[in-house]
Amino acid sequence: MPSHQIGEMLNAIGQHTANVLGKAPNDVFVFLRAGDQWMEGAIFDNLENEVIYHEPDRPMVEAVMRLWDVSDADRKWDTMLYDIKDGKFTVEYIYPDQLDPADGSPEIRGRALAERYGDKPVIYPEPDEGDWHELTEEDLVDFRPSTKSLPDFDLATNENSVLLNEIAQHVTEKLGKVPEDVFVFIEAGENWSDGEIYENQGKLLVSREFPYAMYIAINNLWEAAPAGKKWSVMLFDIKDGKFSVEYLYPEMQVDEDGEENDMHGEIRQSALSARYGNKSVFYPEYDDGQKQD
C-alpha cells in the first residue's frame, strides 16, 4: 500500500483518539498490539498530576486492525507506540523478533509508560453510574436458554448454546453486574459483526457498545451456523437469569421486487419498540475527557 495511504490510516487513529477523549489530544500515548483478527490497546492521557486510562472504542479497534492487515507480510508489527503531542503524532513499531517471548502486554506497556511518565500514577477510572462493583465468579451466572426460541441446529448439536451463553457472560462483564432486563441487537456476516446492548433502567434505556471479546464470540457463533442457516440479525434478550434468541435470515429482508434491502436500522427500531415502546435511549457521553462509561 502506498505510504500516503498508510499515513492517512495512522492519522485516523489520532482522530479516533480525539473521539474517545472528547477533546483534542495533547500529550497522549496510545499503546496498541495487533495480529491476525485480534487487537488490544489502551489510551493514556497525561494530565498534570496523573495519567488517565481510556479504552479504545469500536471504530478505533477496526481502524487498527485494518492498518495491521494492509502491512507488508514481512513487516507485520506486534506492537505500536503511538504518541500525540503539540498537534502531531509519532509512531514506533516493535516487531515480534524484537520482543522477549516471556513478555506480555503488561510488561511491554509498563516499560513504555515508564519511559514517558516515570512513576506518575496511572488512573483506571471506574464507571460512575449504576450499581457497579467488582465482578466475581458469583456474578458470572450460568444463563439458561429458553430453548423454544432456538433453531433446530442449535438443539441438535447443543454447541451453540455454549456460544450463546458466552455472549450473555460478555454482557455481564460489560455492565459490571448481572443483567436483569437487557436486549442485545446483533448483526453479523462473514468476518464482521456489529450491534448494541440496551439496558432497561426504568425510565430510559442505556445503550452500550460491545466489549471487543464479544465481537469475537459473535463471529464464532455465526461461523458455527450451517451454510444454509447463516443468520443476518440476532435479537438476544436476557431477563430473570435466562436468555432467549430470535434469528432473522437474509431471505426475511427482501423487498417486493426480490431485492435485498439493508433493513437493519428498521429492524432494530421495531425490536426496541416491541420491547420498550417509545422509551428514550440514552447514549452515555464522555465526562470532561477524563472518564468514559
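The values are calculated or read from the model by the stated rules, or taken from the named source; none is laboratory data. As the structure is a prediction and not an experimental result, all values here were calculated from the model. Backbone-built Cβ (ideal geometry, glycine too); neighbour counts: all protein chains shown. For the accessible areas, the whole protein counts, side chains as well, though only heavy atoms, and no ligand, DNA or RNA atoms are used. Shrake-Rupley method; radii C 1.70, N 1.55, O 1.52, S 1.80 Å.
Being free of Cβ contacts under 8 Å to residues at least 60 places away in the same chain, touching a strand residue (DSSP E or B) at 6+ places or on another chain (Cβ under 8 Å) and small (Gly, Ala, Ser) holds for only one residue in GLY7, GLY35, GLY41, GLY14, and it is GLY41.
Regarding the range 100-122, can at least one residue be identified that is at pLDDT 90 or above, in a loop (DSSP other than H, G, I, E, B) and within 29 Å of GLU8 (Cβ to Cβ)? Looking through the range 100-122, none of the residues is at pLDDT 90 or above, in a loop (DSSP other than H, G, I, E, B) and within 29 Å of GLU8 (Cβ to Cβ).
For the range 53-78, a residue qualifies if it is under 10 Å from the mean Cα position of the chain (by Cα) and β-branched (Val, Ile, Thr), and exactly one does: VAL61.
Quick one: count up the residues across the range 53-82 that are of a type in the set (Asp, Glu) and within 14 Å of ALA18 (Cβ to Cβ).
As a first pass, look at the range 53-82 and keep what is of a type in the set (Asp, Glu): 55, 57, 62, 69, 72, 74, 78.
From what's left, within 14 Å of ALA18 (Cβ to Cβ): 57.
Residues in the range 53-82 being of a type in the set (Asp, Glu) and within 14 Å of ALA18 (Cβ to Cβ): 1 in total.
ASP78 satisfies every condition listed in (1) without any contact (Cβ under 8 Å) to a residue 60 or more places away in the chain; (2) over 22 Å from LEU10 (Cα atoms) except (2).
Of the set (1) surrounded by 21 or more Cβ atoms within 10 Å (Cβ to Cβ); (2) farther than 23 Å from PRO56 by Cα, all apply to VAL178 but (1). Of all residues being touching a helix residue (DSSP H, G or I) at 6+ places or on another chain (Cβ under 8 Å) and within 13 Å of GLY195 (Cα to Cα) in the range 218-233, which is most open to solvent (accessible area, probe 1.4 Å)? Just the residue, please. Filtering first and then ranking leaves SER232.
Among (1) in contact with a Phe, Trp or Tyr (Cβ under 9 Å, 6 or more places away or on another chain); (2) at pLDDT 90 or above; (3) open to solvent by less than 80 Å² (accessible area, probe 1.4 Å); (4) farther than 28 Å from GLY195 by Cβ, where does GLU92 come up short? Against the list (1) in contact with a Phe, Trp or Tyr (Cβ under 9 Å, 6 or more places away or on another chain); (2) at pLDDT 90 or above; (3) open to solvent by less than 80 Å² (accessible area, probe 1.4 Å); (4) farther than 28 Å from GLY195 by Cβ, GLU92 comes up short only on (3).
Restricted to strands (runs of 3 or more DSSP E) entirely inside the range 185-293, no element has at least 2 residues that are among the acidic types (Asp, Glu), modelled with pLDDT under 85 and in contact with a strand residue (DSSP E or B) (Cβ under 8 Å, 6 or more places away or on another chain).
Just one of the numbered conditions (1) buried (at least 20 other Cβ atoms within 10 Å of the Cβ); (2) out of contact with any helix residue (DSSP H, G or I) (no Cβ under 7 Å at 6 or more places or on another chain); (3) charged (D, E, K, R) is not true of ASP45: (2).
Being open to solvent by 40 Å² or more (accessible area, probe 1.4 Å), more than 22 Å from ALA114 (Cβ to Cβ) and out of contact with any Leu (no Cβ under 9 Å at 6 or more places or on another chain) narrows it down to one residue among ALA18, ALA24; which is it? Step through it out loud before you land on a result.
Values: ALA18 fails: open to solvent by 40 Å² or more (accessible area, probe 1.4 Å).
Matching residue, one of ALA18, ALA24: ALA24.
If I filter the range 128-151 for residues that are at pLDDT 90 or above, among the aromatic types (Phe, Trp, Tyr), in a loop (DSSP other than H, G, I, E, B) and loosely packed, with under 14 Cβ neighbours inside 10 Å, do I get at least one hit? Within the range 128-151 (the criterion being at pLDDT 90 or above, among the aromatic types (Phe, Trp, Tyr), in a loop (DSSP other than H, G, I, E, B) and loosely packed, with under 14 Cβ neighbours inside 10 Å), the answer is no, since none of the residues qualifies.
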